[in-house]
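One structure below.
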Amino acid sequence: MTEATSLARIPEEAKILFGEVNVEEYCKKQKISMEAFEKLRRQVIELNKVKPKRGLELLDKLNTRLTNYLSIGCSGINDLLAGGLHLGDITEISGESTTGKTRLCYAATLSTACLNVDNTVLYIDTLNSFSPELMRILFQESDRFVDARDQGMCAENVFRRIRISRNCMDVFAVFSLVEDLRQKLQVKVFATIRNGNTISPTTNLAKFRQSEDSFYSGLKLVVLDSIAPLFLPILGGYADEKANSLMTSLTRMLRDLAREHDIAILVTNSVENSRSTNPMSAFASTTAKPALKTTWTYMPDVTLLLTLGEDIGLKQRVYINQQGSEVSGVPRICEVLRSHTGIIPCGSSVAIRGLQAQFLLIHITGSNGILSNLGIRCDRNGILLLSSSVERKDELINQSFKRNSCDSI
């Protein structure tokens, strides 16, 4: 049935399934009976048909999405995302190399695994660059996971609930992986006719998950690091149409998976240079924009852009964590570049030192690259709003880094 389902998405096979060719001859050629073919045909149609949904059901799902989220591993970025990574949404982290995209994925992965002993994470590594040792160091030394360590969680227990998929070097391998994941998460009981009564298709996920691998029963986060290598080689010229079609199909599969099973999707992307200043950024100095051209622009629910703080004058600083270790690095700026959710404001940003989140939250209300308001979080209880000209923004940011403590990951 799995093979027939995938074939049903191919136009030639669809003609066979829906009687546009001689089915009898096809059955003889394939050496299957007409009865078996008809049964299979009904199952495929049932699996792929669009089912009506009640408005209240959709409203309940929307409310669930707005209130259920996972920590991305950085409190400042959680604030930008109205709580964190929302279940059912696709969140994109874009940025140049060394801006911390993968490290942020590690932080989100560990935060999800540490939140609940049943939570699991699937990490799709398309660059073959995943570093277990780096993730282990992050768990053992970061202040963010002090509570998890105090509660007795060890690296082995956490890593046991994180699966790494490395054999995903092209888009078709990722398609296969996502389809396999969908099949493991989903079980359907097809409609049958019994004594004239119709039994509607149902999905009893709780019972299904009890009998399945515990990894899939607790899956909360899927990380795709990175999507750029899958499509950049086939983008350009006459291949654009095919690449855009594949991009749309993969995104739809991920979104359906996320919304049906309450999973957050985190995707990283590289950047390319704009011809001039990126008009979507609140910083006049920003020239980078997410890669993969226009089609990808509308795919993620939220797009974050990571840039090095030194681009706006922030220099390397040293922070001493709760264990007394020195952590140094150039601050990063994380900005909400685009949001299609309606709950996350575009143009907000937060300054972070690597992944050491500062109590500095920049609320940008200006336009055309003009920074008009700075909100400096001086403590855990409130935000002090300061009015600033563009010329003074770097000075205020630097002062806030010197005055305020850090909330490290």
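Values in this text are rule-based calculations from the coordinates and carry no lab data. All of these numbers come straight from a predicted model, not from anything done at the bench. Cβ placement follows ideal geometry from the backbone for every residue including glycine, while neighbour counts extend to all protein chains displayed.
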Subject >> Scope segment 120-142; condition under 17 Å from the mean Cα position of the chain (by Cα) and over 25 Å from Thr303 (Cβ atoms); matching residues >> reply: Thr120
Original post:
Scanning for something farther than 30 Å from Pro229 by Cβ, crowded, with 19+ Cβ neighbours inside 10 Å, in contact (Cβ under 8 Å) with a residue 40 or more places away in the chain and among the β-branched types (Val, Ile, Thr), does segment 116-132 turn up at least one residue?
Top reply: no
**OP:** Determine which member of the set Val117, Val121, Val146 is more than 30 Å from Ala243 (Cα to Cα) and not in a helix (DSSP H, G or I).
**Re:** Val117
Subject >> Residues of segment 149-172 classified as hydrophobic (A, V, I, L, M, F, W, C), over 23 Å from the mean Cα position of the chain (by Cα) and assigned to a helix (DSSP H, G or I), total >> reply: 1
